[in-house]
Amino acid sequence: MFTLRPETPDDWWEVENLYDTCFAPGRSALSSYRLRDEVPPVEGLCVVARDGDGILGAAIRYWPVLVGADKALLLGPIAVHPTAQGEGLGSSLIRDTLARAAEAGHKRVILVGDAPYYARFGFKPLQGVVMPPPTNPDRVLGVELVSGAWQNTKGPVSKVETPKG
């Protein structure tokens, strides 16, 4: 039995270790990471799944981005520890956090991933949305949290600049 709860600052390094365990070395060299550099993740949408003993089983993060001039959420990374895979944790995290994002008033979510897997959550290929290279355009997917949210949203995906203070 796993419990989902928002990620806290105390979870950060354990979540990073999970991502290192689940993804190939050099994951931070991917173009999607350039959209995350020096940008804090979206509070309340970054969620961890822990078992009854408090052991981390899975984690998901979201980041603010712009698509053209429109705000969007960038989903990822999401990871499930190898010992917890096949238990539905990834699906639970995606469904839970998409609901949280909709409740918080977000309109659209983008990710880079496998269309057959993410289609079950409503993600579809996006036309006219350009992730930084090198990104396979067939893997750029989006879901609407508000009907019609992607209709006129096109252009390059760029990072949200945070105020330096």
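The values are calculated or read from the model by the stated rules, or taken from the named source; none is laboratory data. The shown structure was predicted, so the numbers you read here are calculated from the model rather than taken from an experiment. Positions of Cβ are generated from backbone atoms using ideal geometry, with glycine treated the same way; all protein chains shown enter the neighbour counts. Keep in mind that these areas ignore ligands, DNA and RNA; they rest on the heavy atoms of the full protein, side chains included. Shrake-Rupley method; radii C 1.70, N 1.55, O 1.52, S 1.80 Å.
Scanning segment 124-139 for residues that are open to solvent by 100 Å² or more (accessible area, probe 1.4 Å) and assigned to a loop (DSSP other than H, G, I, E, B), which turns out nearest to Lys159 (Cα to Cα)?
Pro133
Of all residues being open to solvent by less than 70 Å² (accessible area, probe 1.4 Å) and in contact (Cβ under 8 Å) with a residue 12 or more places away in the chain in segment 14-33, which is nearest to Arg100 (Cα to Cα)? Just the residue, please.
Across segment 14-33, the extreme among qualifying residues is Val15.
If I ask for residues that are outside any helix (DSSP H, G or I), over 13 Å from the mean Cα position of the chain (by Cα) and touching a residue at least 60 places away in the same chain (Cβ under 8 Å), which ones from segment 78-105 would you list?
The answer is His81, Glu87, Ala104.
If you scan segment 1-14, which residues turn out to be farther than 15 Å from Gly44 by Cα and assigned to a helix (DSSP H, G or I)?
Within segment 1-14, Trp13, Glu14 meet the criteria.
Given the condition assigned to a strand (DSSP E or B), open to solvent by less than 20 Å² (accessible area, probe 1.4 Å), out of contact with any Gly (no Cβ under 8 Å at 6 or more places or on another chain) and under 22 Å from Arg34 (Cβ atoms), answer yes or no: does some residue in segment 148-164 qualify?
So far as segment 148-164 goes, yes, one or more of its residues are assigned to a strand (DSSP E or B), open to solvent by less than 20 Å² (accessible area, probe 1.4 Å), out of contact with any Gly (no Cβ under 8 Å at 6 or more places or on another chain) and under 22 Å from Arg34 (Cβ atoms).
So which residues in segment 39-70 are part of a strand (DSSP E or B), out of contact with any Phe, Trp or Tyr (no Cβ under 8 Å at 6 or more places or on another chain) and among the acidic types (Asp, Glu)? First the steps, then the outcome.
Restricting attention to segment 39-70, the residues satisfying the condition of being part of a strand (DSSP E or B) are 47-51, 56-67, 70.
Imposing the further condition that a residue be out of contact with any Phe, Trp or Tyr (no Cβ under 8 Å at 6 or more places or on another chain) reduces the set to 47-48, 56, 60-67, 70.
Across segment 39-70, the qualifying residue is only Asp70.
When the residues of segment 39-63 are narrowed to those that are within 22 Å of Val130 (Cα to Cα) and touching a His at 6+ places or on another chain (Cβ under 9 Å), which ends up surrounded by the fewest Cβ atoms within 10 Å (Cβ to Cβ)?
Val42
Looking at (1) of a type in the set (Lys, Arg); (2) surrounded by 13 or more Cβ atoms within 10 Å (Cβ to Cβ); (3) part of a strand (DSSP E or B), which is the one condition that is false for Arg36?
The failed condition is (3).
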